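Novice: This structure is in structure tokens; I'll ask about it shortly.
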Amino acid sequence: MKKTLFASASALVLGTAASAQVVGFSQIGSESGWRAAETTVTNQQAEERGIDLQFSDAQQKQENQIAAVRSFIAQGVDAILLAPVVATGWDAVLEEAKEAEIPVVLLDRMVDSDPSLYLTAVGSDLVHEGEVAGQFLVDQVGDEPCRVVELQGTTGSSPAIDRATGFRNAIEGHDNIEIVQSQTGDFTRAQGKTVMEAFLQAENGGADICALYAHNDDMAVGAIQAIKEAGLKPGEDVTIVSIDGVPDLFQAMAAGEANATVELTPNMAGPAFDALQAYWDNGTEPPKFIQTESRLYTQSDDPQGEYDRRKDLGY
Ligand code: AHR
């Protein structure tokens, strides 16, 4: 809050005006439709609250994120939002933010650092997401043998680690379901397609593949293209389950080319700004983890309507 002189119609009046809180946002990049939606929503949420958001795109590089956080600290921002590309290597810069008394809020991905180094983290239960995807497949295939290929997210990122774990938890004990290929597609559509092409080649042109589990929708969309080009029907010959709930995946479900997605809300900033406001106003410490919902959508959940709804929201 800073003292200011402002002019009224009749006189100059001494009053107080709230200056906008400045928040630095170190975003990973724009690797996926979900990431782009998160950036859009974060900007919308900041604008609605009159927050001055300083945006920095790290182009998928941790060193760029560390540099951005250091520059936010040097500027003396009121808070920092950090979507950490990988889980390790954050201790030093988080210590620096803590020393400068700048609260850091993690968005959508976790870090291995001590929780005392950040104010809170907003995200989903990433292991649970993998379990929901795995359980969908278990229910879908019943006792039939099923050879699964897996497109993993960015190596070393918390969603790649946890979504792999969750899926394995769900299929454990179902010996008819086997993961036969697993490789990273770095959460991108282009790499999802390239890696899926290699999987198809390795698995008898795709004839031996029963299902694809992709750690995000963009890789699934790229893989769908590869499956079609191999002369197979995605969604029928190959069951496809992924995570995010982006419009393009709903479109694929509406066309019968994908089977299920586990929604991850792109609105991480809303709960983050709420927590920060309470902290700024009266020092209220939020819980260390603010969990967002994860919900399974299948072809029976009006995929065209869900696509339209997300498009209306500007995703
Ligand atoms: O951290 C969330 C993941 O990052 C999303 O599932 C994926 O699309 C994004 O790149």
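The values are calculated or read from the model by the stated rules, or taken from the named source; none is laboratory data. This one's a predicted model, so the numbers in the text were calculated from it and none came from an experiment. Here the Cβ is made from the backbone with ideal geometry for all residues, glycine too, and neighbour counts use every protein chain on show. Heavy atoms of the whole protein, side chains included, go into the accessibility calculation; ligands, DNA and RNA do not. Shrake-Rupley method; radii C 1.70, N 1.55, O 1.52, S 1.80 Å.
Novice: Per q in 0.14, 0.25 1/Å, what log10 I(q)/I(0) does a Debye calculation on the alpha-carbon atoms of region 78-133 return?
Specialist: With no solvent term, the Cα-only Debye profile gives -0.38, -0.98.
Novice: Now a separate question. One quarter of the convex hull surface, Cα atoms only: what value does that give for region 73-185 in nm²?
Specialist: Working: hull surface 31.8 nm².
Over every viewing direction, the Cα hull of region 73-185 projects on average to 8.0 nm².
Novice: Also, quick follow-up: Mind checking the full-extension length gain between Val180 and Gln291? Use 0.36 nm per residue of separation minus the Cα-Cα distance, one decimal, nm. Walk me through the numbers on the way to the answer.
Specialist: Working: separation 111, 0.36 × 111 = 39.96 nm, distance 3.22 nm.
Roughly 36.7 nm would be gained on extension.
Novice: Describe numerically, in nm with one decimal, the distance between label points set 7 Å from Cα along Cα→Cβ at Ser19 and at Ser71.
Specialist: 2.1 nm
Novice: Using only the alpha-carbon atoms, how far is helix 189-202 inclined from the longest principal axis of the chain? Give it as 0 to 90 degrees, nearest 10.
Specialist: 20 degrees
Novice: Work out how far the C-alpha atoms of region 227-315 reach from end to end along every principal axis, then list the three figures in whole Å, largest first.
Specialist: Cα spread of region 227-315 along its principal axes, largest to smallest: 60, 25, 23 Å.
Novice: Kindly sort Glu95, Glu150 by accessible area of their heavy atoms, largest first, with the probe set to 1.4 Å. Please report the intermediate quantities before stating the final value.
Specialist: On the way: Glu95 90, Glu150 0 Å².
Solvent-accessible surface, decreasing: Glu95, Glu150.
Novice: Additional query: Accessible area of the chain with a 1.4 Å probe: how many percent of it is carbon plus sulfur?
Specialist: 46 percent
Novice: Taking the square root of 5 times each eigenvalue of the Cα gyration tensor, what semi-axes in Å does the equivalent ellipsoid of region 150-309 have, largest first? Walk me through the numbers before you get to the answer.
Specialist: Details: eigenvalues 209, 65, 38 Å².
After scaling each eigenvalue by five and taking roots: 32, 18, 14 Å.
Novice: Rounded to the nearest 0.05, what FRET efficiency do Thr165 and Asp52 give with R0 = 41 Å and r taken as the Cβ-Cβ distance? Could you check? Spell out each step's value before the answer.
Specialist: On the way: r = 39 Å, r/R0 = 0.94.
Efficiency for this residue pair is about 0.60.
Novice: If R₀ is 35 angstrom, what is the calculated FRET efficiency for the pair Asp208 and Gln44, using the beta carbon separation as r and rounding to 0.05? If you can, show how the numbers build up before the last one.
Specialist: On the way: r = 45 Å, r/R0 = 1.29.
For R0 = 35 Å, the calculated efficiency reads 0.20.
Novice: A further question on this structure: Using only the alpha-carbon atoms, what does the chain span along each of its principal axes? Please give whole angstrom values in decreasing order.
Specialist: 79, 43, 29
Novice: Please calculate how many Å² of accessible area region 151-245 carries per residue, with a 1.4 Å probe and no DNA, RNA or ligand atoms counted. Walk me through the numbers before you get to the answer.
Specialist: Numbers: 3540 Å² over 95 residues.
Here the residues of region 151-245 average 37 Å² of exposed surface.
Novice: Arrange the peptides 38-51, 235-248, 76-89, 292-305 so that the one whose residues have, on average, the most other Cβ atoms within 10 Å appears first. Display every interim value, and only then the final one.
Specialist: Numbers: 38-51: 17.6, 235-248: 23.0, 76-89: 21.5, 292-305: 14.9.
Going by the mean number of other Cβ atoms within 10 Å, highest first, we get 235-248, 76-89, 38-51, 292-305.
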